[in-house]
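For reference, the structure discussed in these notes is given below.
The values are calculated or read from the model by the stated rules, or taken from the named source; none is laboratory data. Just so it is clear, the structure is predicted and the values come from calculations on it, not from any experiment. Backbone-built Cβ (ideal geometry, glycine too); neighbour counts: all protein chains shown. To get the accessible areas, we keep the full protein, side chains included, count just its heavy atoms, and leave off ligands, DNA and RNA. Shrake-Rupley method; radii C 1.70, N 1.55, O 1.52, S 1.80 Å.
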Amino acid sequence: MTTLGYDEHDESYLDDTYDEFTPPPLYRCINAESKWDPQIDLAPTFSVLTDFEQQINALCVKQKDPHDRLEALLDTFYSKWLFSASGLKVPEHKINSLSYTLTMRSGSVTTLGILLTHLLEQAHLDASVCINQGDISVHVAISDEEGYIIEPSSGQQSWYIIPENADEENGQEQEPLELIYNDEVYKLFLAQQKWSFISENKFGHALVCVELLMELLGDDPYERRDRGYLLNQLDCPKMARDDLQFFIDECPDDPAIEIIQHQLEELEDNNKTHH
């Protein structure tokens, strides 16, 4: 669990016009889209979001009980606003886009989860994105012992209560929830967009995702590996070699190390050929 606040060494929030704190993860994810698509107009997206937030505020006035508030919000999100997983043949990077999700009311499990979590928090509920048995879900805590798990694409919810003796009896049998907050939500969004761009050969866009991730992670060897691959695809072999060599030096026992070494050798051979 993380506490509210901001990283005093991270000055990226100064580019935003919200307040002295880091903006909510949803806002950061939306704004990131202008990094790889400078021509995008995000004004309609934020206009839709503001309208939704205002409707949630009005809902909170009517629903004081947290259970009733949750039910009313989910009914609004899925039955009134008609949010759902995309069933159209849309490029993966669009489905993974929050601007697309907000304007089209359709998206991936991740974008729906991030948006739903934001709106639940707007409704003063203790909500977070979570990993539940390997899948992205939304967690709403009602107390330390009870809460809801919500499947983002359908709104299907399950209620749970943790028994007092759960750790003694079967605590080892059930995989715990992994709750994701703040920077981790932003990283999840960027990582999924990176892979969707790579799968569609949008290497320049994917490179922007890697650079944004490295602003958060520093010289992470796996991001350096991915950057090396992308730089090679973008005909920047020297920088690609440096990144791949960095990964080999830092992660010599990685299962994919032979593949990376082979890529590096091909770059070296190509370099010798050109000289």
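Quick check, is Ala141 open to solvent by less than 50 Å² (accessible area, probe 1.4 Å), free of Cβ contacts under 8 Å to residues at least 24 places away in the same chain, among the aliphatic types (A, V, I, L, M) and in contact with a helix residue (DSSP H, G or I) (Cβ under 8 Å, 6 or more places away or on another chain)?
no
Within segment 231-255, track down each residue that is among the hydrophobic types (A, V, I, L, M, F, W, C), open to solvent by 30 Å² or more (accessible area, probe 1.4 Å) and either within 27 Å of the chain's Cα centre (by Cα) or over 24 Å from Asn201 (Cβ atoms) (or both). Even if it seems obvious, please write down each step before you answer.
Of the residues in segment 231-255, the ones among the hydrophobic types (A, V, I, L, M, F, W, C) are 231, 234, 236, 239-240, 244, 246-248, 251.
If we keep only those that are open to solvent by 30 Å² or more (accessible area, probe 1.4 Å) as well, we get 234, 236, 239, 246.
Listed by number, the residues that qualify are Leu234, Phe246.
Could you list, in sequence order, the residues of segment 144-173 that are outside any strand (DSSP E or B) and either at pLDDT 90 or above or in contact with a helix residue (DSSP H, G or I) (Cβ under 8 Å, 6 or more places away or on another chain) (or both)?
So the first thing to find is which residues in segment 144-173 are outside any strand (DSSP E or B), and the list is 144-145, 151-156, 162-173.
The answer is Glu151, Pro152, Ser153, Ser154, Gly155, Gln156, Pro163.
Among (1) at pLDDT below 95; (2) in contact with a strand residue (DSSP E or B) (Cβ under 7 Å, 6 or more places away or on another chain), there is one condition Phe21 misses while meeting the rest; what is its number?
So the condition that Phe21 fails would be (2).
Just one of (1) among the small types (Gly, Ala, Ser); (2) under 18 Å from Glu33 (Cα atoms); (3) in contact with an Asp or Glu (Cβ under 6 Å, 6 or more places away or on another chain) trips up Ser106, so point out which.
Evaluating Ser106 over (1) among the small types (Gly, Ala, Ser); (2) under 18 Å from Glu33 (Cα atoms); (3) in contact with an Asp or Glu (Cβ under 6 Å, 6 or more places away or on another chain) leaves (3) as the failure.
Against the definition (loosely packed, with under 10 Cβ neighbours inside 10 Å, aliphatic (A, V, I, L, M) and modelled with pLDDT of 90 or more), how does Ala32 come out, yes or no? Talk me through it step by step, then tell me what you get.
On the way: loosely packed, with under 10 Cβ neighbours inside 10 Å: no; aliphatic (A, V, I, L, M): yes; modelled with pLDDT of 90 or more: yes.
Judged against the criteria, Ala32 is not a match.
Six or more apart or on different chains, Cβ atoms under 8 Å: show the pairs whose first residue is in segment 219-232 and outside any helix (DSSP H, G or I) and whose second is among the aliphatic types (A, V, I, L, M) and at pLDDT 95 or above.
Short answer, once both residue conditions are applied: Asp220/Leu213; Asp220/Met214.
Can you pull out the residues in segment 77-99 that are open to solvent by 20 Å² or more (accessible area, probe 1.4 Å) and farther than 17 Å from Leu188 by Cα?
The first filter runs over segment 77-99 and keeps only residues open to solvent by 20 Å² or more (accessible area, probe 1.4 Å), leaving 78-80, 82, 84-95.
Tyr78, Ser79, Lys80, Leu82, Ser84, Ala85, Ser86, Gly87, Leu88, Lys89, Val90, Pro91, listed by residue number.
Need the failing condition index for Trp195 against (1) modelled with pLDDT of 95 or more; (2) open to solvent by 60 Å² or more (accessible area, probe 1.4 Å); (3) in a strand (DSSP E or B); (4) not β-branched (Val, Ile, Thr), just the number.
(3)
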